[in-house]
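S.K.: There's a structure below that I have some questions on.
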Amino acid sequence: MGINAVSANSINVLSGNQISTKQAGSEIQEKIGQTERETTGIANQYDRMEITSESQTVVPSENYNNIRYNETTNLAFIRGDGKNVFHRNITDYMYQYCQGDFSNDELKQKFKDICNEVYEYNFELNYISETDNEGKLRLISEVYAIFQNGNAGSMAKLCMDAGTGIASQYGNNDIGWVYYDTDYRNKSENIHEFLKDVTNEISKEWAGQTLDFEKIEMENGLLRVSGKDFDTHWNHIARDLYMCSLKDIQNSDFSETVSSGERFSFFYKAVAAPGREGENTLETQKGVILLELGERKWKLDVPFNNSTVLGDLAYNFNVGSLFERYANDNPVMLRLLKHFNVFSLFCRRDII
């Protein structure tokens, strides 16, 4: 017996023959009390459900109200501890998978297990039926969106974290930095394609058809807000750090160039060397940019001027414009770098 049964029972108890308030006041109160006791008992027995990351089995949850109805998909997803349990568990799992802790076969099985659990839960609530192919496709596409969000976000974070060793070479301090590497982007795109294959496999099995992923990624609320790919997630992290911003990343000029197959990496730190007493002020304001394209490498000193005495404040620089001063003979690199803006130390007032 699920939530629908509980609701129906409550209505039946409270909607008996109409009698006067004077005659039946105490009787109504007793029935209300009985209804509350029955509802609580039923909820305790059947409807308190949560998926745990350890066992992936249905177990009692703390709060009957943790059930969230998704009006967009007309499906119910289980919540726990104030967060969507499925979303949290999938995100954690994808981070471990992107680190290499799980195989493709394990990822595929995880995806199918989640789809089955969400289906069974919605079936119990009468939100979906065995013949509701449209509902099944909505369910599968929702699970796909959470997995893809976890893929893109995890790979962007792992990429940024990979720059830690480079950053340590330019001052052991907390001044911000960013790192972009197409190796991580390519891995994320490979996983993206694998997730599409797994999704289509189960959608054909359940509903006899494949999904329109372009439509899903345009319309799904999670992917529309958080971003559907590596570049979008990387940009969120970089901007949150007030270090860098990717411009026009959906432009084919960027996407086609960065996907051309030649490895590209970009590192930026706002201050290359922490200031020490007696050093030239201008030198301590310089940041550093490190670039790689295939076998070629470049290092650029960023001539920031954060002093109101020495001239106008420099808030940001376009890396393409900086690179033109050093190596304007490399059109591929120029096409890439014109999409990167780096922020000066002045934008990080909290660490000045």
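The values are calculated or read from the model by the stated rules, or taken from the named source; none is laboratory data. Since the model is a prediction, treat every value here as computed from it, not as a measurement. Glycine gets a Cβ as well: all are built from the backbone with ideal geometry, and neighbour counts include every protein chain shown.
S.K.: It is to be established whether one or more residues within the range 226-235 are modelled with pLDDT under 90 and either out of contact with any Lys or Arg (no Cβ under 8 Å at 6 or more places or on another chain) or within 18 Å of residue 160 (Cα to Cα) (or both). Break it down into steps so the answer makes sense when it comes.
M.R.: So the first thing to find is which residues in the range 226-235 are modelled with pLDDT under 90, and the list is 226-227.
Within this subset, residues satisfying the condition of being either out of contact with any Lys or Arg (no Cβ under 8 Å at 6 or more places or on another chain) or within 18 Å of residue 160 (Cα to Cα) (or both) are 226-227.
Yes, that holds for at least one residue.
S.K.: Further, regarding this structure: Quick one: which of 266, 254, 230 is within 30 Å of residue 330 (Cβ to Cβ), under 15 Å from the mean Cα position of the chain (by Cα) and touching a residue at least 12 places away in the same chain (Cβ under 8 Å)? Talk me through it step by step, then tell me what you get.
M.R.: On the way: 266 fails: under 15 Å from the mean Cα position of the chain (by Cα); 254 fails: under 15 Å from the mean Cα position of the chain (by Cα).
So the residue among 266, 254, 230 that is within 30 Å of residue 330 (Cβ to Cβ), under 15 Å from the mean Cα position of the chain (by Cα) and touching a residue at least 12 places away in the same chain (Cβ under 8 Å) is 230.
S.K.: Look at residue 321 and say whether it is in a helix (DSSP H, G or I), among the hydroxyl-bearing types (Ser, Thr, Tyr) and modelled with pLDDT of 85 or more. Spell out the reasoning first.
M.R.: Details: in a helix (DSSP H, G or I): yes; among the hydroxyl-bearing types (Ser, Thr, Tyr): yes; modelled with pLDDT of 85 or more: yes.
Yes.
S.K.: Only one residue in 283, 277, 295 is outside the structural domain of residue 133 (by TED's automatic domain parsing) and either at pLDDT 85 or above or at positive phi (or both), so which one is that? Full working, then the answer.
M.R.: On the way: 283 fails: either at pLDDT 85 or above or at positive phi (or both); 277 fails: either at pLDDT 85 or above or at positive phi (or both).
Of 283, 277, 295, the one residue that is outside the structural domain of residue 133 (by TED's automatic domain parsing) and either at pLDDT 85 or above or at positive phi (or both) is 295.
S.K.: Something else now. Looking at the range 208-231, is at least one residue touching a Pro at 6+ places or on another chain (Cβ under 8 Å) and over 30 Å from residue 122 (Cα atoms)?
M.R.: From the range 208-231, those touching a Pro at 6+ places or on another chain (Cβ under 8 Å) are none; that's our starting set.
The answer is no, given that none of the residues of the range 208-231 is touching a Pro at 6+ places or on another chain (Cβ under 8 Å) and over 30 Å from residue 122 (Cα atoms).
S.K.: Right, another one. Of all residues in the range 190-224, count the ones that are crowded, with 18+ Cβ neighbours inside 10 Å, of a type outside the set (A, V, I, L, M, F, W, C) and part of a helix (DSSP H, G or I).
M.R.: Residues in the range 190-224 being crowded, with 18+ Cβ neighbours inside 10 Å, of a type outside the set (A, V, I, L, M, F, W, C) and part of a helix (DSSP H, G or I): 4 in total.
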